[in-house]
Structures are given as structure tokens and as C-alpha cells.
Amino acid sequence: MKNNNSDISELEQITREKKKIQFYLNMLLGLSASCGVMIPTDPIYKILMELSDQEASLTKKAKDQSDHPEG
């Protein structure tokens, strides 16, 4: 049970980090558009994809554990 709680906590943390990164990405894109400059966003998208992969993995793990509860 303790492992499941840590997975949920980690999932919540990843979700918060994704929201923060998306917020800052939107700010950068707006700044870029208003100033007419190119801001490289590929590293930001890469981080978002990595966090999404981690989130999906933890969600699947939590679902698998709920489908097959241990003893």
C-alpha cells in the first residue's frame, strides 16, 4: 500500500511540473510572438514528452496494481 501512495505522490508531482512547464512555454511563445524573435523551444518540448512518458508509465502501473491487488 505504501508503494501505491508514493506512486500517486510522484504522479501528482509530475503533473504539477508539466503544468508549470506548459505555463512557461506559453509565456515564451507569447513573448517570442510579441517581440518577433525566435526562441528555441525544442528542449522544452523534449522535457514535456519525457514527463508525459513518466506520467503514462506511473498511471499504467497504478492501474495494473488496482486490477491485481496483492494479498
## Note on the structure
Note to self: with every protein chain in place and a 1.4 Å probe, the chain gives an accessible area per residue in Å² of 80 Å²
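Please give me, ordered by residue number, the GluC sites (Glu not before Pro) of region 24-71 that lie in loop per DSSP and have at most 12 other Cβ atoms within 10 Å.
Values: sites: Glu50, Glu55, Glu70; in loops: Glu70.
Filter output for region 24-71: Glu70.
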### Task
Under a cut-off of 13 Å between alpha-carbon atoms, report the aspartates and glutamates in cross-link reach of Lys63, not counting same-chain residues fewer than 8 places apart.
Asp7, Glu55
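What's the local net charge at Lys19, with K and R +1, D and E -1, over the other residues with C-beta under 12 Å away?
Details: positive: Arg16, Lys18, Lys20; negative: Glu12, Glu17, Glu55.
Taking every other residue near Lys19 into account, the sum is 0.
Round to a whole number: what % of the accessible area of the chain belongs to carbon and sulfur, probe 1.4 Å?
Numbers: 3370 of 5710 Å².
Accessible surface attributable to carbon and sulfur in the chain totals 59 percent.
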### Task
Could you tell me which label, among (1) 1.37; (2) 1.28; (3) 1.51, carries the value of Cα Rg over 2.2 N^0.38 Å calculated for this structure?
(3)
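At R0 = 22 Å, how high is the FRET efficiency between Tyr45 and Ser66 if r is their beta carbon distance? Nearest 0.05 is fine.
Numbers: r = 31 Å, r/R0 = 1.42.
The formula returns an efficiency of 0.10 here.
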## Note on the structure
Contour minus Cα-Cα span, Thr59 to Glu17, at 0.36 nm per residue, comes to 13.5 nm
### Task
Can you tell me the order of 12-23, 32-43 when each peptide is scored by its average per-residue count of other Cβ atoms within 10 angstrom, highest first?
12-23, 32-43
#### Entry: In order through region 44-53: 3J(HN,Hα) via Karplus (6.51 cos²θ - 1.76 cosθ + 1.60), integer Hz, x for Gly, Pro
5, 4, 5, 4, 4, 5, 5, 5, 5, 5
### Query
What angle do you read, to the nearest 10 degrees and between 0 and 90, between the alpha-carbon axis of helix 2-35 and the longest principal axis of the chain?
10 degrees
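The values are calculated or read from the model by the stated rules, or taken from the named source; none is laboratory data. Computed from a predicted model, the values in this text were never measured in an experiment. Glycine gets a Cβ as well: all are built from the backbone with ideal geometry, and neighbour counts include every protein chain shown. Please note that ligands, DNA and RNA were not included when accessible areas were found on the heavy atoms of the full protein model with its side chains. Shrake-Rupley method; radii C 1.70, N 1.55, O 1.52, S 1.80 Å.
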